[in-house]
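The values are calculated or read from the model by the stated rules, or taken from the named source; none is laboratory data. Everything numeric in this text was worked out from a predicted model, so none of it was measured. Neighbour counts run over all protein chains shown; Cβ positions are idealised from the backbone, glycine included. Quick note on the areas: whole protein, heavy atoms, side chains included, nothing else; ligands and nucleic acids left out. Shrake-Rupley method; radii C 1.70, N 1.55, O 1.52, S 1.80 Å.
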Amino acid sequence: MKHVVALSGGKDSTALALRLRELNPDADYTYVCTPTGDELPEMFAHWRKLGELLGKRITPICHPKGLKGIIRQEKMLPNFRARFCTRILKIEPYREWLAQNAPCVSYVGLRADEEGRAGGAYSDIDGVEMRFPLREWGWDEARVWKYLDEQGIQIPYRTDCARCYHQRIGEWWSLWKNYPELYEDAVQDEIRMDATYRTPGRDTWPTALADLRKEFEGGRLPKSVKETLTGLRDIGACRVCTL
């Protein structure tokens, strides 16, 4: 019987994996992640560090085409109405991997304070048992952050894709500022597909990334960036994908 810990690398799955190892140091856990290939370097560094802390390599379960490949395959950009990126790059590969490695127990980091949140629904696969230890322990978000602070663990600012349709304007600014080549690549995606990652009318900023870049270059700062730069606000991580 394999015991599989789904390790997206966000705060919840990170706390889950470290606490399980702490409680059961002799257990032979298998740690897996489902990268899209579009994560920022900080995220890959975080996975490597976690592997060192856990004493075991984290196994990547990857779709061979990656995000760029499935955009070409689907002939469209992901958006809030068409989250094919999560389904094709994360859910379906993990389902296939679980089926091939059954019988197994799959541990997923859903917290006690998010009862309405679905995720990790793979118990329909023959031989797969689902467990949600954070809920079993009664851990809410505050407890997760407290545990990570106690362990000296910092979660990367971004744990999702570099070009996620769901990201906030401040995160697009950060991508433009810190990874201009990735931002430009996303601009070219929009030009090729004649579509935008950002939802029209979502805010007062331009929708197209090329137009958004002009605002950034002109010195316009998102409110969240202003607050972060003045120390008034902490910045968060992925809100989209879960195994």
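Restricting attention to region 207-236 and to residues that are assigned to a loop (DSSP other than H, G, I, E, B), among the β-branched types (Val, Ile, Thr) and surrounded by 14 or more Cβ atoms within 10 Å (Cβ to Cβ), the residue that is modelled with the lowest pLDDT turns out to be Ile235.
The lone criterion from (1) of a type in the set (Phe, Trp, Tyr); (2) modelled with pLDDT under 95; (3) crowded, with 19+ Cβ neighbours inside 10 Å left unmet by Trp139 is number (2). Residues of region 111-124 that are over 16 Å from Ser8 (Cβ atoms) and either of a type in the set (Ser, Thr, Tyr) or open to solvent by less than 20 Å² (accessible area, probe 1.4 Å) (or both): Ser123 alone.
The set of residues in region 92-102 being within 15 Å of Lys65 (Cβ to Cβ) and either open to solvent by 30 Å² or more (accessible area, probe 1.4 Å) or hydroxyl-bearing (Ser, Thr, Tyr) (or both) consists of Glu92, Glu96.
Contact map, region 195-219: first residue without any contact (Cβ under 8 Å) to a residue 12 or more places away in the chain, second residue crowded, with 19+ Cβ neighbours inside 10 Å and of a type in the set (Val, Ile, Thr), Cβ cut-off under 9 Å, separation 6 or more or different chains; pairs are Arg202/Ile169; Thr207/Thr196. Say we look at region 157-187 and pick out the residues that are over 19 Å from Arg220 (Cα atoms), modelled with pLDDT of 95 or more and not hydrophobic (A, V, I, L, M, F, W, C); which of these is least open to solvent (accessible area, probe 1.4 Å)? Only one residue tops the list, namely Arg163.
Contact annotation: residue pairs with Cβ atoms under 6 Å, 6 or more positions apart or on different chains, pairing a residue in region 154-174 that is over 18 Å from Leu7 (Cβ atoms) with a partner that is open to solvent by 10 Å² or more (accessible area, probe 1.4 Å) and modelled with pLDDT of 95 or more, are Ala162/Asp38; Ala162/Leu40; Ala162/Leu182; Ile169/Trp205.
Out of Pro78, Pro133, one residue alone is farther than 26 Å from Gly37 by Cα, open to solvent by less than 20 Å² (accessible area, probe 1.4 Å) and of a type outside the set (Asp, Glu). It is Pro133.
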